[in-house]
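Read the structure below first, then the notes.
The values are calculated or read from the model by the stated rules, or taken from the named source; none is laboratory data. Keep in mind it's a predicted model, so treat the numbers as computed, not measured. Every residue, glycine as well, gets a Cβ built from its backbone with ideal geometry; the counts of neighbours run over all protein chains shown.
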Amino acid sequence: MKFFEFTKSDYDYFVKEGMLETPYKELLEYKIKGYSIIKIADLLHTSTANVSVLVRNLKKKIKKML
């Protein structure tokens, strides 16, 4: 199972209970949709390196909640 294979209710839970703010909410949504890091960087108007850091931080946040 891929790490970001979540349902809409999972997404809502992580956003609410994890108190995720932008850009983490958007990042989670894009990762669930299967977008590449390059596509996400374009959508967030940032670098791929920054997206990679955000992904690592988001994974840590989600793991703490599970």
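When residue 60 is tested against the conditions (1) more than 10 Å from the chain's Cα centre (by Cα); (2) surrounded by 12 or more Cβ atoms within 10 Å (Cβ to Cβ); (3) in a helix (DSSP H, G or I); (4) at pLDDT below 95, the lone failure is (2). Among (1) hydrophobic (A, V, I, L, M, F, W, C); (2) assigned to a helix (DSSP H, G or I); (3) more than 16 Å from residue 6 (Cβ to Cβ), there is one condition residue 19 misses while meeting the rest; what is its number? Tallying (1) hydrophobic (A, V, I, L, M, F, W, C); (2) assigned to a helix (DSSP H, G or I); (3) more than 16 Å from residue 6 (Cβ to Cβ), residue 19 fails exactly one: (2).
Residue 38: assigned to a helix (DSSP H, G or I), touching a Phe, Trp or Tyr at 6+ places or on another chain (Cβ under 7 Å) and without any contact (Cβ under 8 Å) to a residue 60 or more places away in the chain, yes or no?
Details: assigned to a helix (DSSP H, G or I): yes; touching a Phe, Trp or Tyr at 6+ places or on another chain (Cβ under 7 Å): no; without any contact (Cβ under 8 Å) to a residue 60 or more places away in the chain: yes.
No; evaluated as a whole, the condition is false for this residue.
Of the residues screened, residue 66 is not one that is surrounded by 15 or more Cβ atoms within 10 Å (Cβ to Cβ) and among the aliphatic types (A, V, I, L, M). In the set (1) part of a helix (DSSP H, G or I); (2) surrounded by 12 or more Cβ atoms within 10 Å (Cβ to Cβ), the condition left unmet by residue 4 is number (1).
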